[in-house]
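Visitor: Starting off with a structure, shown below.
The values are calculated or read from the model by the stated rules, or taken from the named source; none is laboratory data. Predicted model only: the values in this text are computed from it and were never measured. Positions of Cβ are generated from backbone atoms using ideal geometry, with glycine treated the same way; all protein chains shown enter the neighbour counts. All accessible areas refer to the heavy atoms of the entire protein, side chains included, with ligands and DNA or RNA removed. Shrake-Rupley method; radii C 1.70, N 1.55, O 1.52, S 1.80 Å.
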Number of protein chains: 2
Amino acid sequence: MLNNRQQKILKLIIDDFIDNGLPVGSRTISKNPTLGISSATIRNEMADLEELGYIFQPHTSAGRIPSDLGYRLYVDSLDTERLLDADQRVLIRNLLLSGKIKAEEIVEKAAHLLAEMTGLAVVASYPGFKKRALSNLKLIKISDTKVLLILVSDNEVVKSITLSFSGTSQDILDLISNSLIRNLEGSTIEDIDIKKISRLKYDLRQFENVIDYLVPILRDSLKNIEDDEFYVDGFENFLTVPEFSNSEKARKMYRLFEEKEVLNELFNDIQREGIFIKIGDENNIPLLNECSVITTAYRYRSNDLGKIVVIGPKRMDYRGIISVVEYTRNTLSDIFSGIYL
Amino acid sequence: MLNNRQQKILKLIIDDFIDNGLPVGSRTISKNPTLGISSATIRNEMADLEELGYIFQPHTSAGRIPSDLGYRLYVDSLDTERLLDADQRVLIRNLLLSGKIKAEEIVEKAAHLLAEMTGLAVVASYPGFKKRALSNLKLIKISDTKVLLILVSDNEVVKSITLSFSGTSQDILDLISNSLIRNLEGSTIEDIDIKKISRLKYDLRQFENVIDYLVPILRDSLKNIEDDEFYVDGFENFLTVPEFSNSEKARKMYRLFEEKEVLNELFNDIQREGIFIKIGDENNIPLLNECSVITTAYRYRSNDLGKIVVIGPKRMDYRGIISVVEYTRNTLSDIFSGIYL
DNA sequence: ACTTAGCACTCAAGTTAAGAGAGTGCTAAC
DNA sequence: GTTAGCACTCTCTTAACTTGAGTGCTAAGT
């Protein structure tokens, strides 16, 4: 489609625009020594590139700005191999490994780290909870009227739910907990149903009335468990992007990161481990049509995925960001595959 | 100090400025029928009010704007009795009582409600954890290498800490949990020390080596418990206040709400139940010297306080906001004193 | 001793005009 | 196919001018 020189010019235009944020003129490009052609020639090429839809002018007599299509070609032809230097690699790995015990905290930390290193907004998730098998469970008395139900999944996620449940001692709760986990262990959390819970009765006939009281409460609260936890970081970075410092847009953006459904929509698209980039209008969420969204997924143990989304203005340092995201993704996969233990 | 008419004029100026956000001129005030004096007279009075420091001009030939001192007098002489109508009272009470079991969720909800009703930023806290007595405790196995320590305080706050601790069965953890709670119950959480933990040994001689391994881990993790949990809501409201839509200020404000130390500083001033207002430079935190900060505390049971802070621009509807804050505070106090049970 | 009409004055904000600067497209020559 | 040259276009900045809201002060009225 594009000849070599056109590609080279397009790349120079986009590089310059990413650096400076101003429309790029023919003279600027012509100064590049590896090209050795005059601005007039560049103008001719630019006219062609514009006709093909890769760049456009914000107004007559202005330089050129890359279109979504232009960014697309640019991004697709980027070579990001081994860009990160050893220092940065060590930094990322050390920070992710430092002092965190809980898997979720590592993911949270990764989101923070990415936000800081890329200067963009980041959302990360930890593999879903409901589809995992239950590995432990405990009922803990917290007051005369309340009991805490703790659920532990086989990927070490812990969720707790407060139940309204009165007049039982911790001793009885311990017995019930033991019986429950014996009956439920290994079921996926979404598969726990009233039938399985009811098996309790056969174990603990002497507490039949307590259990009759507990079973519906348990069932209802299990229904309300949330699946994914999102870790959001770096929203503040949007406040300094000129494009978004407009107060109404900033407010909408803020809301975006607070709404679980939108985040879910964003995450549902991610099904594989590679790095995927959606530019401008390629995004399904209208609010993001001035943004680029970089997504990836890290492998959790062997068969589960955690997801990462990086959101920023279309004008971003794709090369640098892709390599940071990729290395962070790989490091998380490594950590969760256990190679650092 | 100020005669009746001056007070009346000052109030009119501030009311108008709060409504419109523009410097208030003498002609505007003179139109008020209850005053019946000409703009020239008002100008004279305004000159006096300015000399006394209650108002000032942003520039010569502009109308007047209230100074911090002016706002102070205005706020001190506000009468907020019974401003909230029955509908709003019912709304607040019902929302706070609806479907929430966990005390912390009620506080979180209250912060959200306040943010929505006032259009300002809100931070609320739940009574401190470390000074409370321990009421329950449980160790739960979450993987081969990790154990979750659950602590329940006598005010029903639950904290969990993940410990690196391997090679023990849930059965043994249950025994240890039982022994621990027997030895520690009633101690305040900050008073739990290695001496008290070590009593375990006498109870469970058969697991001495497990316990020797566990004790230092427990001690270290108890040190790292965080005291207060903050619920922040309504930051987004700052994005539409013209004064703060400046990107750098918005960013700083965002950071403010993320930094626990700053929030702690804000909360430490609150020691009593009444409504307190700090206007502009009355605030110790420099970033807030263009803001008014309204603080109050709700009573938790009989001897503990939870705190509420509302932050907005100095130009806010003090009357309305004070009454909403006050009613919410009272409702929380009522809920936690148990009168709705 | 207050109050008020009147007037000169000030300042911010909006409007207009001019000019500089960056960049383009096109043409004609190389 | 490339390039120098030139007329043209559009944004952005600056300065000058205008408008309008509001003030302070003075002098006359109550």
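Visitor: I'm told residue A:212 meets every condition in (1) under 30 Å from residue A:164 (Cα atoms); (2) facing chain B (nearest Cβ under 10 Å); (3) open to solvent by 40 Å² or more (accessible area, probe 1.4 Å); (4) more than 23 Å from the chain's Cα centre (by Cα) except one. Can you identify the failing condition by its number?
Guide: Every listed condition holds for residue A:212 apart from (2).
Visitor: Could you please find all residues in the stretch B:68-77 being surrounded by 15 or more Cβ atoms within 10 Å (Cβ to Cβ) and touching a residue at least 60 places away in the same chain (Cβ under 8 Å)?
Guide: Step one: of the stretch B:68-77, the residues surrounded by 15 or more Cβ atoms within 10 Å (Cβ to Cβ) are B:68-75.
Result: B:68, B:70, B:71, B:72, B:73, B:74, B:75.
Visitor: Take the residues in the stretch B:228-243 that are at the interface with chain A (Cβ under 9 Å from one of its Cβ atoms), in contact with a Lys or Arg (Cβ under 8 Å, 6 or more places away or on another chain) and open to solvent by less than 40 Å² (accessible area, probe 1.4 Å), then tell me which one is nearest to residue B:117 (Cα to Cα).
Guide: Going through the qualifying residues, I end up with B:236.
Visitor: Within the stretch A:170-181, identify whether any single residue is of a type in the set (S, T, N, Q), part of a loop (DSSP other than H, G, I, E, B) and more than 9 Å from chain B (Cβ to nearest Cβ), and answer yes or no.
Guide: Taking every residue of the stretch A:170-181 in turn, none turns out to be of a type in the set (S, T, N, Q), part of a loop (DSSP other than H, G, I, E, B) and more than 9 Å from chain B (Cβ to nearest Cβ).
Visitor: Which residues, counting only those in the stretch B:23-35, are open to solvent by less than 20 Å² (accessible area, probe 1.4 Å) and in contact (Cβ under 8 Å) with a residue 40 or more places away in the chain?
Guide: If the condition is that a residue be open to solvent by less than 20 Å² (accessible area, probe 1.4 Å) and in contact (Cβ under 8 Å) with a residue 40 or more places away in the chain, then B:24 is the only one that fits.
Visitor: Do we have any residue at all in the stretch B:75-97 that's under 23 Å from the mean Cα position of the chain (by Cα) and within 14 Å of chain A (Cβ to nearest Cβ)?
Guide: Within the stretch B:75-97, one or more residues are under 23 Å from the mean Cα position of the chain (by Cα) and within 14 Å of chain A (Cβ to nearest Cβ).
Visitor: Another question, if that's okay. Kindly indicate whether any position in the stretch A:54-77 is more than 14 Å from DNA strand D (Cβ to nearest atom), among the polar types (S, T, N, Q) and closer than 30 Å to residue A:331 by Cα.
Guide: The answer is yes, given that some residue of the stretch A:54-77 is more than 14 Å from DNA strand D (Cβ to nearest atom), among the polar types (S, T, N, Q) and closer than 30 Å to residue A:331 by Cα.
Visitor: Still on this structure: Give me the pairs: first residue in the stretch B:3-22 and away from chain A (no Cβ under 14 Å) and touching a residue at least 60 places away in the same chain (Cβ under 8 Å), second residue part of a helix (DSSP H, G or I) and within 13 Å of DNA strand D (Cβ to nearest atom), beta-carbon distance under 7 Å, and six or more apart or on different chains, which are they?
Guide: That search, which allows pairs on different chains as well, returns B:10/B:49.
Visitor: Counting only residues that are charged (D, E, K, R) and within 7 Å of another protein chain (Cβ to nearest Cβ), which one in the stretch B:131-155 is nearest to residue A:336 (Cα to Cα)?
Guide: So, considering only residues that are charged (D, E, K, R) and within 7 Å of another protein chain (Cβ to nearest Cβ), the one nearest to residue A:336 (Cα to Cα) is B:146.
Visitor: At least 3 residues that are on the phi < 0 side of the Ramachandran plot and within 16 Å of DNA strand C (Cβ to nearest atom) in each: list the helices (runs of 4 or more DSSP H) lying fully within the stretch B:1-105 that qualify.
Guide: In the stretch B:1-105, B:4-20, B:26-30, B:39-51 are the helices (runs of 4 or more DSSP H) which contain 3 or more residues that are on the phi < 0 side of the Ramachandran plot and within 16 Å of DNA strand C (Cβ to nearest atom).
Visitor: Would you say residue B:167 is out of contact with any Cys (no Cβ under 7 Å at 6 or more places or on another chain), in a loop (DSSP other than H, G, I, E, B) and within 13 Å of chain A (Cβ to nearest Cβ)?
Guide: The answer is no for residue B:167.
Visitor: Checking residue A:99 against (1) open to solvent by 30 Å² or more (accessible area, probe 1.4 Å); (2) at pLDDT 95 or above, which test does it fail?
Guide: For residue A:99, the exception is condition (2).
Visitor: Something else: I'm trying to understand the selection: among the residues of the stretch B:244-277, which are under 25 Å from residue B:18 (Cβ atoms), within 14 Å of another protein chain (Cβ to nearest Cβ) and in a loop (DSSP other than H, G, I, E, B)?
Guide: Selection gives B:245, B:246.
Visitor: Go through the stretch A:246-287 and count every residue that is in contact (Cβ under 8 Å) with a residue 60 or more places away in the chain and open to solvent by 80 Å² or more (accessible area, probe 1.4 Å).
Guide: Final tally of qualifying residues: 1.
Visitor: For the stretch B:288-341, what are the residues that are of a type in the set (D, E, K, R) and either open to solvent by less than 30 Å² (accessible area, probe 1.4 Å) or outside any helix (DSSP H, G or I) (or both)?
Guide: Of everything in the stretch B:288-341, those that are of a type in the set (D, E, K, R) and either open to solvent by less than 30 Å² (accessible area, probe 1.4 Å) or outside any helix (DSSP H, G or I) (or both) turn out to be B:290, B:299, B:301, B:304, B:307, B:314, B:315, B:317, B:329.
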